[in-house]
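The values are calculated or read from the model by the stated rules, or taken from the named source; none is laboratory data. Since the structure is predicted, the reported quantities are computational estimates derived from the model, not experimental observations. Note that we place each Cβ from the backbone using ideal geometry, even for glycine, and neighbour counts take in every protein chain shown. Just so you know, the surface numbers come from the protein's heavy atoms only, side chains and all, with ligands and any DNA or RNA stripped out. Shrake-Rupley method; radii C 1.70, N 1.55, O 1.52, S 1.80 Å.
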Amino acid sequence: MTSTLTALAAQEHIHDLEREARRAHKDDTEPDASAASIELRLARDDEGRVLHTLAQLDDAADLDGEALLALIDGEAIAALSLSDRRVVANPFVRTEHAVTLLRIQADHLFGRRERRRRLRGVPRLRFA
């Protein structure tokens, strides 16, 4: 009887391991949530409530003027004011990549470029 119970316990353990392996394999083949596509766009006039909600979640003042929105699956997760570059974001969602994209997009829209540092002692090239 002991050998029968041991065999049943071993068989159940094997089934548990197989189920776990299938679940792990399934998780590996599904797309990663962090790889979700982010939509960037200008906030529409009727989306003031969305911007207000983001500001409340971030415990910040409402954004002034026009704003860029970052959305995942249609849900706003971050916004950037185009007038003062201030950002509000949902603190319950990882938004660092979305905020970086918002800043890049804002810079692209307005032609703002990072100033390049010139190495000391290296002459500046001039073309005629």
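Which of the residues that make up the stretch 20-31 are at pLDDT below 60, open to solvent by less than 100 Å² (accessible area, probe 1.4 Å) and part of a helix (DSSP H, G or I)? Full working, then the answer.
First, pick out the residues of the stretch 20-31 that are at pLDDT below 60: 27-31.
In the following step, the residues that additionally are open to solvent by less than 100 Å² (accessible area, probe 1.4 Å) were identified as 27, 29-30.
Correct list: Asp27, Thr29.
Go through the stretch 90-108 and count every residue that is among the β-branched types (Val, Ile, Thr) and within 8 Å of the chain's Cα centre (by Cα).
Step one: filter the stretch 90-108 for residues among the β-branched types (Val, Ile, Thr), giving 93, 95, 99-100, 104.
Next, only the ones that are within 8 Å of the chain's Cα centre (by Cα) stay: 93, 95, 99.
Going through the stretch 90-108 one residue at a time, the tally reaches 3.
Find the residue count for the stretch 54-70, including only residues that are in contact with an Asp or Glu (Cβ under 8 Å, 6 or more places away or on another chain) and open to solvent by less than 10 Å² (accessible area, probe 1.4 Å).
Going through the stretch 54-70 one residue at a time, the tally reaches 3.
To keep it simple, each residue is scored yes or no on (1) out of contact with any helix residue (DSSP H, G or I) (no Cβ under 9 Å at 6 or more places or on another chain); (2) at positive phi; (3) at pLDDT 80 or above.
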site: Ser3; (1), (2), (3): yes, no, no
site: Gln11; (1), (2), (3): yes, no, no
site: Ala33; (1), (2), (3): yes, no, no
site: Leu57; (1), (2), (3): yes, no, yes
site: Ile77; (1), (2), (3): no, no, yes
site: Asp84; (1), (2), (3): yes, no, yes
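Take the stretch 71-103 and flag every residue that is assigned to a loop (DSSP other than H, G, I, E, B), among the hydrophobic types (A, V, I, L, M, F, W, C) and open to solvent by 70 Å² or more (accessible area, probe 1.4 Å).
Of the residues in the stretch 71-103, the ones assigned to a loop (DSSP other than H, G, I, E, B) are 73-74, 82-86, 90-95.
Now drop any that are not among the hydrophobic types (A, V, I, L, M, F, W, C), which leaves 82, 92-93.
Residue satisfying the conditions is Phe92 alone.
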